[in-house]
Amino acid sequence: MKHFHGRRERGEPPRHWGGGPGRFFDSGDLRYVILHLISDTPRHGYEIIKLIESRMSGAHSPSPGIVYPTLTLLEEMGLAAVTVEGPRKLYTITDEGKRELEANRAATEAILQRIQQAGERHARDWPGPIMRSMENLKMVLRMRGGQWSSEQLAAVTDLIDNAAKQIERL
């Protein structure tokens with residue numbers, strides 16, 4: 001069985017993590033997190049994304065462009081099984097996946113600890129009501145998608161810019 005090793009020691013945070021832009025998960029980390037999450041209960045890809053985002057108090061949300069290929073890889077490696085439910089896929093850990101997760105328990109626990117610490121740090125920095133408001137704004141903008149007239153786009157941009165200016169003056 002191929003193990004997931006990056007170019008760093010297992011459990012060590014990625015060099016770019018903790019400040020500035022970059023990936024939160026290093027090579028292989030997300031695979032362990034996903035295996036851990038589906039070992040609890042079978043889950044859909046979107047649910048996995050939201051769980052990680054929730055555990056990190058909104059500090060990071062892995063993109064679907066990373067999560068879904070990782071799920072496919074886990075399936076191809078025999079570490080996860082898929083059940084199709086209409087348009088969605090439900091992922092379950094296999095016996096081989098359980099063995100892989102157990103064999104890499106220390107690395108997985110280190111990654112989960114990093115997730116918890118990032119979530120705690122982010123929660124301290126951003127009070128709950130502010131996080132809720134920011135999430136509401138993001139959700140409304142996502143739901144609208146790219147369906148904006150030039151007038152609507154200008155109005156929304158002005159609203160957001162004005163809110164930022166008002167908050168800056170507080």
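A few remarks follow.
- Note on Lys89: aspartates and glutamates with a C-alpha under 12 Å away, same-chain residues under 8 apart excluded, are Glu47, Glu75.
- The alpha carbon gyration tensor of the stretch 17-159 gives principal lengths a ≥ b ≥ c with a/c of 1.5 or higher and a/b no greater than b/c, which makes the shape oblate.
- Residues His122 and Asp40, FRET efficiency given R0 of 25 Å [Cβ-Cβ distance, rounded to 0.05]: 0.65
- Converting phi to 3J(HN,Hα) with the Karplus coefficients 6.51, -1.76 and 1.60 and the offset θ = phi - 60°, the stretch 32-39 yields 5, 4, 5, 4, 4, 5, 7, 6 Hz in sequence order, with x at every glycine or proline.
- Relative protection proxy for 101-107, 37-43, from highest mean packing down: 37-43, 101-107 (other beta-carbon atoms within 10 angstrom).
- Inter-label distance for Lys50 and Arg132, nm, one decimal - labels placed 7 Å from Cα along Cα-to-Cβ: 1.7
- Once both labels are positioned 7 Å from their Cα atoms along Cα-to-Cβ, the gap between Asp158 and Glu96 label points is 6.0 nm.
- Ranked by the mean number of other Cβ atoms within 10 Å of their residues, highest first, the peptides 150-163, 110-123 fall in the order 110-123, 150-163.
- Percent of Cα-Cα distances greater than 16 Å, calculated over the stretch 129-169: 44
- Protection proxy ranking of 140-146, 79-85 - average other beta-carbon atoms within 10 Å, highest first: 79-85, 140-146
Laboratory data are not the source of any read-out in this text; all were calculated from the coordinates shown. Predicted model only: the values in this text are computed from it and were never measured. For neighbour counting, all protein chains shown are included, and Cβ atoms are generated from backbone atoms with ideal geometry for every residue, glycine included.
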